[in-house]
Amino acid sequence: MIKKITLIIAVVLFAVGANAQFKFKSIGGGLALGSKAAVNKSGNAQMGFGLYINGLAQIVEKIDAEVSFAYYFPSEPVSGFKFKLTTFNINGHYNFLQNDKLTAYGLAGLNFSFGKVEIGPISSSTSKVGFNIGAGGAYGITSKLDAVGQIGYTIGDADQLFINLGIAYKF
């Protein structure tokens with residue numbers, strides 16, 4: 001799985017590097033919320049919180065590329081049982097509204113989810129791939145800082161609603 005992710009990242013970076021208009025726009029992070037990022041006492045998926053970081057680059061005038069990583073806080077619904085989830089995303093943004101203060105966009109991309117269950121000394125890990133769809137926006141707080149937020153859904157083996165709220169530093 002790691003080899004596949006490395007290959008995908010290399011292809012994306014090569015494709016982006018071939019475009020003369022490419023420029024880094026921002027780096028940021030904040031709070032992540034996933035509708036199935038934790039486990040309850042019955043063993044069912046439930047809402048979980050975590051932290052995310054992301055980077056954003058402009059490909060052409062209305063299209064940006066985003067790479068993000070989310071770490072969800074482990075859930076321990078019962079003693080001796082722990083569930084951990086992390087996600088890696090490569091998304092494209094289509095900016096349908098863009099001015100000095102406000103940007104609004106639709107997004108689509110790939111999600112790689114990595115889950116791990118630990119029961120005492122025994123652990124099991126899995127990875128799943130999905131497709132992200134959603135929308136988001138940024139509001140300029142200062143000339144260098146944006147308040148950012150996005151909501152989306154991952155379709156595939158790791159279905160879940162996600163919401164990210166944070167701050168981005170603009171280059």
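The values are calculated or read from the model by the stated rules, or taken from the named source; none is laboratory data. These numbers come from a predicted model, not from an experiment. Neighbour counts are summed over all protein chains in view; Cβ atoms, including those assigned to glycine, are modelled from backbone coordinates with ideal geometry. Ligands, DNA and RNA are stripped out before the accessible areas are found, and what is left, the full protein with its side chains, is counted by its heavy atoms. Shrake-Rupley method; radii C 1.70, N 1.55, O 1.52, S 1.80 Å.
Solvent-accessible area per residue for region 59-171 at a 1.4 Å probe radius, Å²?
That works out to 52 Å² for each residue.
Ignoring any ligand, DNA or RNA, what whole percent of the accessible area of the chain comes from carbon and sulfur when the probe is 1.4 angstrom?
68 percent
What accessible surface, in Å², does a 1.4 Å probe find on Phe69, ignoring ligands, DNA and RNA and rounding to the nearest 10?
Roughly 90 Å² of Phe69 is accessible to a 1.4 Å probe.
What number, in percent, do you get for the relative contact order of the chain if the mean sequence gap of Cα pairs under 8 Å and at least 6 apart is divided by its residue count?
Answer for the chain is 19 percent.
Using only Cα atoms, find the angle between the long axis of helix 2-17 and the longest principal axis of the chain, and express it within 0 to 90 degrees, rounded to the nearest 10.
With both axes taken from Cα atoms, the answer is about 10 degrees.
Arranged from highest to lowest average of other beta-carbon atoms within 10 Å per residue, in what order do the peptides 113-124, 41-52 appear?
Output ranking for 113-124, 41-52: 41-52, 113-124.
Below 23 Å Cα-Cα, how many Lys pairs turn up in region 25-171? Only count pairs eight or more apart in sequence, or on different chains, if you could.
Final tally of qualifying lysine pairs is 22.
For region 87-100, just list the computed ³J(HN,Hα) in residue order, Karplus coefficients 6.51, -1.76 and 1.60, θ = phi - 60°, integers in Hz, with x standing in for Gly and Pro.
9, 10, 10, 10, 10, x, 10, 10, 7, 8, 9, 8, 9, 4
What spacing in nm lies between the two simple spin-label points modelled at Phe171 and Ala147, each 7 Å away from Cα in the Cβ direction?
Computed distance between label sites Phe171 and Ala147 equals 2.6 nm.
Quick one: Karplus J couplings for region 46-52, per residue in order, coefficients 6.51, -1.76, 1.60, θ = phi - 60°, nearest Hz, x for Gly and Pro?
Each residue of region 46-52 in turn: 8, 5, x, 10, x, 10, 9 Hz.
Mean separation of Cα pairs under 8 Å and 6+ residues apart, divided by the residue count of region 121-171: what relative contact order is that in percent?
Computed value for region 121-171: 34 percent relative contact order.
Please list 3J(HN,Hα) in residue order for region 108-116, calculated via the Karplus relation 6.51 cos²θ - 1.76 cosθ + 1.60 where θ = phi - 60°; whole Hz, with x for glycine and proline.
With coefficients 6.51, -1.76 and 1.60, one gets 8, x, 9, 10, 10, 9, 10, x, 9 Hz.
In deg cm²/dmol, rounded to 500, what helix-only [θ] at 222 nm does the chain give when every DSSP H run of at least 4 residues adds -39500 (n - 2.57) and the total is split over its residues?
It comes out at -3000 deg cm²/dmol, rounded to the nearest 500.
P(r) for the chain: what percent of alpha-carbon pairs falls in each 5 Å bin, starting at zero?
2, 8, 17, 20, 18, 15, 9, 6, 3, 2, 0
What is the log10 of I(q)/I(0) for region 36-122, computed with the Debye formula using one identical point scatterer on each Cα and no solvent, at q = 0.23 Å⁻¹?
Log-scaled intensity ratios, in q order: -1.05.
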